[in-house]
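Beneath this line is the structure, given in structure tokens, with notes to follow.
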Amino acid sequence: MADDTEQENRYNPDWFPVFASGAGDYYIVDSKDGTVYLFMKDVDTPDKPDYASLEDMLKDHAEDWSRGLIREDKENMIYSVREKRQIELEESQEVSPEYRQKRRVARHGGRGRRPTRRRRPNHRTPILRFPCQLMPAICNNIYTAIRVNRKPTSLTRTTNRSRINANRRAACGHVVRRPGFSCDEYPFASTLQGGRGSRAVLVPARENNRQGGILAGFYRRNNIKNGGRYRQAYS
């Protein structure tokens, strides 16, 4: 059985980072063909480029900025208007009575009501543990978030990159950057519980990068897809 604390090696020596979010995410250029990828610390390793070249990426961002599709918020963070609107739409649908009724109808064969409960198989919920001897700052942040700030230990993964970006921005936007450090947030930006209200602190960048590799490997080994649930250990 694989060790869930094993760090997944996602480093490609042909990739060169050009822009960093300060929270473990990077735009990277492939030195072989010049294509550009968005590498996110807790998302599956990208298999397709986001832009054909760095020049195309900069032109695209400049055009969106001139059209008002990229803006600066009150915390001096840059965000995409299109992504923000899409996330707001998804969140409004998730909580609306109409959406909930559609989900009930879909789940219960068009009847819109709960059927007689049946015994379900007891599937073990995966538990994520980090090697705290190698990443004490990360573990301290998680422990404090759960025990002091009462953040949840039951988490639901999201693979929506726009949602993850928005969560990271909401959690880490107020954190002042320092060389050699990056922002770590709990609950993670790659979960539905992440975002505004998460506990966010600066940790050594090496720890943050290691955490991203472990989390990506944990998702893959336990087959945790979008909407998949798991628990975070904190002791």
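The values are calculated or read from the model by the stated rules, or taken from the named source; none is laboratory data. All values derive from a computational prediction rather than experimental measurement. Every residue, glycine as well, gets a Cβ built from its backbone with ideal geometry; the counts of neighbours run over all protein chains shown.
Evaluated against (1) under 13 Å from the mean Cα position of the chain (by Cα); (2) surrounded by 18 or more Cβ atoms within 10 Å (Cβ to Cβ); (3) within 20 Å of Phe39 (Cα to Cα), Arg161 falls short on exactly one condition, (2).
Scanning the range 200-235 for residues being surrounded by fewer than 15 Cβ atoms within 10 Å (Cβ to Cβ) and more than 20 Å from Pro152 (Cα to Cα) gives a total of 3.
When Trp65 is evaluated against the numbered criteria (1) under 19 Å from the mean Cα position of the chain (by Cα); (2) at pLDDT 70 or above, which criterion, by number, is the only one it fails? Only one criterion in (1) under 19 Å from the mean Cα position of the chain (by Cα); (2) at pLDDT 70 or above is unmet by Trp65, namely (1).
Residue pairs whose Cβ atoms lie under 7 Å apart, separated by 6 or more positions or on different chains, with the first residue in the range 47-59 and closer than 11 Å to Asp30 by Cα and the second surrounded by fewer than 15 Cβ atoms within 10 Å (Cβ to Cβ) and among the hydrophobic types (A, V, I, L, M, F, W, C), are Leu54/Val18.
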